[in-house]
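This report refers to the structure that appears directly beneath it.
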Amino acid sequence: MTPTAFITHPDCWQHNMGAMHPESPDRLSAIRDQMIASGLDQYVDSVEAPIASRENLLLAHTDEYIDDIHAAVPERGITHLDPDTAMCPQTLKAALRAAGAGVKAVDLVMGGDVRSVFCAVRPPGHHAERMRAMGFCFFNNVAIAALHALEHHRLARVAVIDFDVHHGNGTEDILAGESRAMMLSFFQHPLYPYSGTKPLDDNMRNTPLPAGTRGDAVRALVEEKWLPALEMFQPEMLVISAGFDAHYEDDMASMALVEADYAWITARLREFADQHCKGRIVSMLEGGYALSALGRSVVAHVKALAGI
Ligand SMILES: [Zn+2]
């Protein structure tokens, strides 16, 4: 059995918010290049992301919002939805592939074809709220994946883990109060989007961390808070918002993680998943803007997912 699948799609390269925008197609190229350079591409099962259906999107968004996003696609050039978040003519296709990747990933792990999946897709999703695009995000890929596991596959409980350096306000907006989901996250605070210090509901475990936080503090958090919370909750699948912008080389924020920290966090989550949820992990790319660090960190993460 192939242990780990790697999902992406050429359409995800086509979304372009302008030459100077940090959330650029070069991010996926950096990941692809490092996967090949490390030889890891030989060990994963490559799968193309399908287009998400409207039914998939409706798990996390309203009909009206989905219509608005479709209507906002420009015929040419770039349309801004907020100062950071813009659409080009190919953005919708990329966003539908990104959301579809998570749905496909859940189907693959539930089908037993693979134990874990990494989705190298963009646009990212964790800032997208039920009715608002923001922070480079349009559809909330991770929330859609988690809700697909709950609704379509009838899992009783799913845990969402968000280690992006920014607070996943969109995922919290969508999943707060959903008793079948628990969300565990750390994020630098204060930092965009300046939310998360007061969790919206009891199923949210938010840990704001100061600038300069290093890997040892994050590892302690995982050991002392996250793993005991997961033990209590007993999820049947882990869905990870895998942002790599807490890396010390990443100028988007000021935390100081390194590849070894991402490998360690992932290995601990994989051990938990192996013991408690049949190894089921769906991980989706969020942030990570220092291209070399992003490529290296994703390789460390995927290696740890695959247990190699
Ligand atoms: Zn981020």
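Summary table below
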| read-out | value |
| --- | --- |
| Counted residues, region 1-30 - those being assigned to a helix (DSSP H, G or I) and closer than 22 Å to Leu92 by Cβ | 8 |
| Filter result for the condition that a residue is touching a residue at least 12 places away in the same chain (Cβ under 8 Å) and over 25 Å from His21 (Cβ atoms), over His166, His189, His127, His148 | His148 |
| Residue that is surrounded by the most Cβ atoms within 10 Å (Cβ to Cβ), among those in region 191-205 that are within 16 Å of the ligand (Cβ to nearest atom) and among the hydroxyl-bearing types (Ser, Thr, Tyr) | Ser195 |
| In region 12-53, the residues that are under 24 Å from Gly112 (Cα atoms) and acidic (Asp, Glu) | Asp41, Asp45, Glu48 |
| Single residue of Ala260, Ala211 found to be part of a loop (DSSP other than H, G, I, E, B) and surrounded by fewer than 24 Cβ atoms within 10 Å (Cβ to Cβ) | Ala211 |
| Residue list for region 235-257, restricted to those being of a type in the set (Phe, Trp, Tyr) and buried (at least 23 other Cβ atoms within 10 Å of the Cβ) | Phe244 |
| Failed criterion for Thr207 (all others in (1) closer than 25 Å to Ala300 by Cα; (2) in contact (Cβ under 8 Å) with a residue 24 or more places away in the chain hold) | (2) |
| Residues of region 242-262 satisfying the condition of being of a type in the set (Phe, Trp, Tyr) and within 12 Å of the ligand (Cβ to nearest atom) | Phe244 |
| Any hit, region 40-50, residues being without any contact (Cβ under 8 Å) to a residue 60 or more places away in the chain, under 28 Å from Leu175 (Cα atoms), loosely packed, with under 14 Cβ neighbours inside 10 Å and not charged (D, E, K, R) | no |
| Some residue of region 201-208 being outside any helix (DSSP H, G or I) and touching a Pro at 6+ places or on another chain (Cβ under 6 Å) | yes |
| Some residue of region 69-79 being polar (S, T, N, Q) and either in contact (Cβ under 8 Å) with a residue 40 or more places away in the chain or on the phi > 0 side of the Ramachandran plot (or both) | no |
| Scope region 284-308; condition outside any helix (DSSP H, G or I) and within 15 Å of the ligand (Cβ to nearest atom); matching residues | Met284, Leu285, Glu286, Gly287, Gly288, Tyr289, Ala290 |
| Looking only at region 142-190, and only at residues there that are within 15 Å of the ligand (Cβ to nearest atom) and polar (S, T, N, Q), the one that is farthest from the chain's Cα centre (by Cα) | Gln188 |
| Complete set of residues in region 221-257 that are farther than 15 Å from Arg205 by Cβ and not in a loop (DSSP other than H, G, I, E, B) | Ala242, His247, Ala256, Leu257 |
| Residues satisfying the stated conditions in region 139-168, i.e. under 22 Å from Ala52 (Cα atoms) and surrounded by fewer than 24 Cβ atoms within 10 Å (Cβ to Cβ) | Leu150, Glu151, His152, His153, Arg154, Leu155 |
| Residue within region 216-232 that is among the aliphatic types (A, V, I, L, M), free of Cβ contacts under 8 Å to residues at least 60 places away in the same chain and under 25 Å from Ala101 (Cβ atoms) present | no |
| Residue in region 132-139 that is basic (Lys, Arg), touching a Pro at 6+ places or on another chain (Cβ under 6 Å) and more than 16 Å from the ligand (Cβ to nearest atom) present | no |
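Yes or no, residue by residue, for (1) closer than 11 Å to Ala159 by Cα; (2) within 16 Å of the ligand (Cβ to nearest atom); (3) hydroxyl-bearing (Ser, Thr, Tyr); (4) out of contact with any His (no Cβ under 8 Å at 6 or more places or on another chain):
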| position | (1), (2), (3), (4) |
| --- | --- |
| Thr207 | no, yes, yes, yes |
| Asp216 | no, no, no, yes |
| Arg219 | no, no, no, yes |
| Pro228 | no, no, no, yes |
| Ile240 | yes, yes, no, yes |
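Readers should treat all values here as calculations from the given coordinates under stated rules, not as data from a laboratory. Note that the structure is predicted; figures quoted are calculated from it, not measured. Every residue, glycine among them, receives a Cβ derived from its backbone with ideal geometry; neighbour counts consider all protein chains shown.
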